[in-house]
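*Asks:* Next up is a structure, given as structure tokens.
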Amino acid sequence: MSFIEIKDKRFSISIPKEKIQQEVTRVANEINHDLAGKNPLFISVLNGAFMFTSDLMKQITIPCEISFVKLASYQGLASTGTIKEILGVNEDITDRTLVIVEDIVDTGLTMQRLLESLGTRSPREIKIATLLLKPDKLQVDLKIDYMAMSIPNDFIVGYGLDYDGQGRNYPDIYTIVEE
Ligand code: IMP
């Protein structure tokens with residue numbers, strides 16, 4: 001499908017699934033290489049990162065563990081600025097290597113908030129793995145350790161990302177068509 005419609009918006013395909021899979025494989029290989037012997041704890045940020053997390057984890061070949069956090073900051077097309085933690089990390093993270101797995105870093109406020117809250121619990125190190133980055137919207141200074149793709153400022157859906165709750169199910173990524 002080259003176009004999809006969700007509620008009042010139209011989207012056109014911008015990143016086909018083959019390209020996504022190729023970049024996810026590259027990121028998995030980098031992590032397998034860099035974090036071997038560290039038994040990393042992957043922390044997947046729900047809901048948006050569920051598809052990326054699944055494809056990534058299937059290609060992680062080193063001993064590791066996984067947990068999930070659930071945060072919410074977006075409503076419709078824009079970040080609300082307030083980030084709510086709906087589900088937290090219960091594991092003991094003292095002295096652990098953590099890898100936060102995110103769908104997209106936009107303003108970076110969600111990631112900053114998560115880094116702050118996990119940072120108070122004495123992890124050894126925290127790495128960031130994001131599927132997507134919108135570099136022009138970044139408002140905070142973040143070190144992104146692993147990134148599948150960098151994209152322009154436009155609103156996107158698919159591969160886990162939603163518009164008003166819908167569109168997460170598509171295997172490709174679509175960009176909003178401004179009319
Ligand atoms: P940030 O706090 O501004 O970096 O926003 C991060 C969160 O906003 C991501 O985890 C996504 O859930 C959501 N988000 C940011 N950009 C988009 C987009 O283009 N489409 C759908 N969701 C987005």
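*Asks:* Past 31 Å, Cα to Cα, is the threshold; run LYS17/LYS143; LYS38/LYS70; LYS58/LYS143; LYS17/LYS137; LYS9/LYS134; LYS9/LYS143 against it and keep the listed order.
*Replies:* With Cα atoms farther than 31 Å apart: LYS9/LYS143.
*Asks:* On to the next question. Which whole-number value in Å² is the accessible area per residue of the chain, probe 1.4 Å?
*Replies:* So the chain comes to 49 Å² accessible per residue, rounded to a whole number.
*Asks:* Which ³J(HN,Hα) values, rounded to whole Hz and listed in residue order, are derived for the range 127-132 from phi using the Karplus coefficients 6.51, -1.76 and 1.60 in 6.51 cos²θ - 1.76 cosθ + 1.60 with θ = phi - 60°, glycine and proline given as x?
*Replies:* 9, 10, 10, 10, 5, 9
*Asks:* Moving to a separate point now. Using 0.36 nm times the number of residues separating GLU125 and ARG26, minus their current alpha carbon distance, what extension gain do you get?
*Replies:* Extra length from GLU125 to ARG26 when fully extended: 33.5 nm.
*Asks:* Please give the length that would be gained between GLU65 and THR107 if that part of the chain were fully extended, namely 0.36 nm times their separation in residues minus their C-alpha to C-alpha distance (nm, one decimal).
*Replies:* 12.3 nm
*Asks:* Also, I was wondering about something else. Keeping every protein chain in place, order PHE42, PHE3 by accessible area at 1.4 Å, biggest value first, i.e. largest first.
*Replies:* Sorted by accessible area, descending: PHE3, PHE42.
*Asks:* Share of the chain's accessible area from carbon and sulfur, percent, 1.4 Å?
*Replies:* 48 percent
*Asks:* Continuing with this model, one more query. State whether the range 1-142 is rounded, prolate or oblate according to the following rule on the C-alpha gyration tensor (a ≥ b ≥ c being the square roots of its eigenvalues): a/c under 1.5 gives rounded; otherwise a/b larger than b/c gives prolate, and the remaining case gives oblate.
*Replies:* oblate
The values are calculated or read from the model by the stated rules, or taken from the named source; none is laboratory data. These numbers come from a predicted model, not from an experiment. Heads up: the accessible areas ignore ligands, DNA and RNA and are worked out on the full protein's heavy atoms, side chains in. Shrake-Rupley method; radii C 1.70, N 1.55, O 1.52, S 1.80 Å.
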